[in-house]
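Have a look at the structure below before the remarks.
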Amino acid sequence: MMQYVLIGIFAVSAIVGYLIINNVPPLLHTPLMSGMNALSGITVLGALTVTAVALKHSSPVLSVIVGVVAIVLAMINVAGGFGITARMLKMFKKEGK
Amino acid sequence: METLLAPVVYYVISGVLVAGVLVGLSLMSRASTARAGNAISAVCSVIAILVTMYNYRILSSAVIWISIAVGVILSLIFAAKVKMIQMPQVVALLNGFGGLSSALVAILSFSQTELLYLKELYDPSKYLFSAYVSEVALIIGFVTFTGSLVAAGKLHKVLPQKPVVIPGHTFISVALIVLTVVSAYLRAPIWITALLSALFGFIFAIRVGGADMPITISLLNSLSGVAGGIAGIAVGDLMLVAIGGIVGASGLLLTRIMCKAMNRKLSGIILGSRVKKPAADAQAPEKPAEEEKPAEEEKTSLTPGEILSQAQNVIIIPGYGMALAQAQSNVKALFDKLEEKGKTVKFAIHPVAGRMPGHMNVLLAEVDVPYDKLFEMDEINEEFKDTDAVVVIGASDVVNPAANTAEGTPIYGMPVLKAGDAKYVIVCNFDDKPGYAGVPNTLYKQKNTIMLLGDAKDTVSKLTGSF
């Protein structure tokens, strides 16, 4: 049951996201994409979950290593994505400023 | 695994955080509020990470904290150093990291579910669903990973930028798709499915040419989100599912915009119907040949300096050639001088005037061109006919009037900037050869066009000094 609810949430958030992002002007499409890099890093939540399970159930070391790699990669996206986006947006200035 | 928070509490928190991210994204609709929007999304993400760590009792785990610290430190160094011209390959690389991370989550989720199932601790009715969902996340994750690495490699020029086509390319692509699906359906060992999808990502991206990159990285941006969202379904994380859906939609939206702006079909990019180069003599609207010389004489006798001194309003059209020549600062100097002399100056930005959506805007913002001087094609295209002078810098296909007339060529029907409608056009391009699409540019032959060939850095500075 829960799984079908999740599929529904996936679809609804995609539609809502589409409508909201449709308002982003082409001027900001590059920062938008690097912002999306950051958000795709939110897969770190999944990485944390599976790594937590691996740690608690004394799974083979390999599972923990795979989990750790997933966390590192996802965090590079989160921190790097938001950082680069912030740096880029700082450059956008109006005349006279 | 037991969680500390009751599921309902966790769902409510997730819902609030997703709403926060959506508010952040809606603030991205204006340049003046975008920074606040980015900050809100970032704060929501950090809270989500902490809540998840609390929920799974790993707030005290050194392994977890060290992994997080390594990722954050590496990326912050990277984020501070990276140059704006490198933004396409950076986004491509991060698309790949996101994809691989989601694929690894899927692998662990798959093996953990299987373990519980074998111990008869997992509801058999849910097991198959969960296994297949993990496989889908794994496939999309690996396709995104290898596809993005190849795209980043091409953009960073460590791989050939021209499309690499191997014999039977389309057949191999289709065969790999079929094999991947079959392997997942039969639940073959997971590394086989992973390998097949990684191969497809490679084969798909290797045949994409440099100018098609805006479409490709938009698509991979979308896929990195979809992989995360589906991995979220596999591990049952509501927030990951919702955010994955949002990222997927955003990438898809940009992919559509880019396809339209480049007059390409998405299926053509994926399965690689190549851009048809027009036969040398057939469709070319005008033969570039020696007998052009007389035409040259009819050209305006005014010098570029005279044109610019007389002009009241000027539109500058930057293309990727400007970025390749690193002439942004020179263009800014030209812009400053024109404004100093009391002229109205605007920039006209074609949607594909870079290697990724919006790239040109960032490059110009970097050299302090105010963003209210940057205009999108649809906003400015009707103004060209009332414009005294247009300066084209390193752009060809996006100003080629042949796009409206040369039927059967790759650019036919592609929306272009109507530079030729202006009183005078000054073109600062490296050479007068056709652009990427291979269609001779009829703008160059117009009477009101003056060509300044060579390195844009030199030609633009000379132009700046000439009035």
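Here is how the numbers come out for the structure above:
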read-out: Residue check, A:Val44 more than 17 Å from B:Val70 (Cβ to Cβ), facing chain B (nearest Cβ under 7 Å) and crowded, with 24+ Cβ neighbours inside 10 Å; value: no
read-out: Scope segment B:367-386; condition over 27 Å from the mean Cα position of the chain (by Cα) and farther than 20 Å from A:Glu95 by Cβ; matching residues; value: B:Phe384, B:Lys385, B:Asp386
read-out: Residues (of a type outside the set (A, V, I, L, M) and part of a helix (DSSP H, G or I)) located in segment A:40-58; value: A:Ser40, A:Gly41, A:Thr43, A:Gly46, A:Thr49, A:Thr51, A:Lys56
read-out: Selection from segment B:353-398 of residues that are in contact (Cβ under 8 Å) with a residue 40 or more places away in the chain and of a type in the set (Lys, Arg); value: B:Arg355
read-out: Checking A:His57 against (1) within 7 Å of chain B (Cβ to nearest Cβ); (2) closer than 22 Å to B:Val105 by Cβ, the condition it does not meet; value: (1)
read-out: Sole exception among (1) under 22 Å from B:Leu463 (Cα atoms); (2) surrounded by 24 or more Cβ atoms within 10 Å (Cβ to Cβ); (3) away from chain A (no Cβ under 14 Å) for B:Ala402, by number; value: (1)
read-out: Selection from segment B:327-383 of residues that are touching a Leu at 6+ places or on another chain (Cβ under 9 Å) and at positive phi; value: B:Gly358
read-out: Odd one out for B:Glu120, checked against (1) crowded, with 20+ Cβ neighbours inside 10 Å; (2) not in a helix (DSSP H, G or I); (3) not hydroxyl-bearing (Ser, Thr, Tyr); value: (1)
read-out: Any hit, segment A:6-28, residues being in contact with a Phe, Trp or Tyr (Cβ under 8 Å, 6 or more places away or on another chain), more than 30 Å from B:Thr3 (Cβ to Cβ) and at the interface with chain B (Cβ under 7 Å from one of its Cβ atoms); value: yes
read-out: Residue check, B:Ala227 crowded, with 20+ Cβ neighbours inside 10 Å, touching a residue at least 24 places away in the same chain (Cβ under 8 Å) and more than 12 Å from every other protein chain (Cβ to nearest Cβ); value: no
read-out: Elements of type helices (runs of 4 or more DSSP H) in segment B:293-371, at least 1 residues being over 18 Å from B:Thr459 (Cα atoms) and within 11 Å of chain A (Cβ to nearest Cβ); value: B:328-340, B:359-366
read-out: Filter result for B:Thr193 (closer than 17 Å to B:Tyr132 by Cβ, touching a residue at least 12 places away in the same chain (Cβ under 8 Å) and in a helix (DSSP H, G or I)); value: yes
read-out: Selection count, segment B:123-136, where residues are among the aliphatic types (A, V, I, L, M) and either at the interface with chain A (Cβ under 9 Å from one of its Cβ atoms) or outside any helix (DSSP H, G or I) (or both); value: 1
read-out: Residue count for segment B:168-189, restricted to those that are closer than 15 Å to B:Ile140 by Cβ and either within 31 Å of the chain's Cα centre (by Cα) or outside the structural domain of B:Gly201 (by TED's automatic domain parsing) (or both); value: 5
read-out: Single unsatisfied condition, B:Val21 versus (1) free of Cβ contacts under 8 Å to residues at least 60 places away in the same chain; (2) among the β-branched types (Val, Ile, Thr); (3) facing chain A (nearest Cβ under 10 Å); value: (1)
read-out: Residue satisfying condition, being touching a strand residue (DSSP E or B) at 6+ places or on another chain (Cβ under 6 Å) and assigned to a loop (DSSP other than H, G, I, E, B), within set B:Leu453, B:Leu417; value: B:Leu417
read-out: Any hit, segment B:17-25, residues being surrounded by fewer than 23 Cβ atoms within 10 Å (Cβ to Cβ), among the β-branched types (Val, Ile, Thr), more than 21 Å from A:Ile20 (Cα to Cα) and at pLDDT 95 or above; value: no
read-out: Selection from segment B:123-170 of residues that are among the basic types (Lys, Arg) and surrounded by 12 or more Cβ atoms within 10 Å (Cβ to Cβ); value: B:Lys126, B:Lys154
read-out: Flag for B:Ile58 being more than 23 Å from B:Thr216 (Cα to Cα), at the interface with chain A (Cβ under 7 Å from one of its Cβ atoms) and not in a helix (DSSP H, G or I); value: yes
read-out: Qualifying residue in segment B:76-99 (condition: farther than 28 Å from A:Met91 by Cα and assigned to a helix (DSSP H, G or I)); value: yes
read-out: Scope segment B:387-420; condition at pLDDT 95 or above and over 25 Å from the mean Cα position of the chain (by Cα); matching residues; value: B:Thr387, B:Asp388, B:Ala389, B:Val390, B:Val391
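The values are calculated or read from the model by the stated rules, or taken from the named source; none is laboratory data. Predicted model, so just to flag it, every value in this text is computed and none were measured. Here the Cβ is made from the backbone with ideal geometry for all residues, glycine too, and neighbour counts use every protein chain on show.
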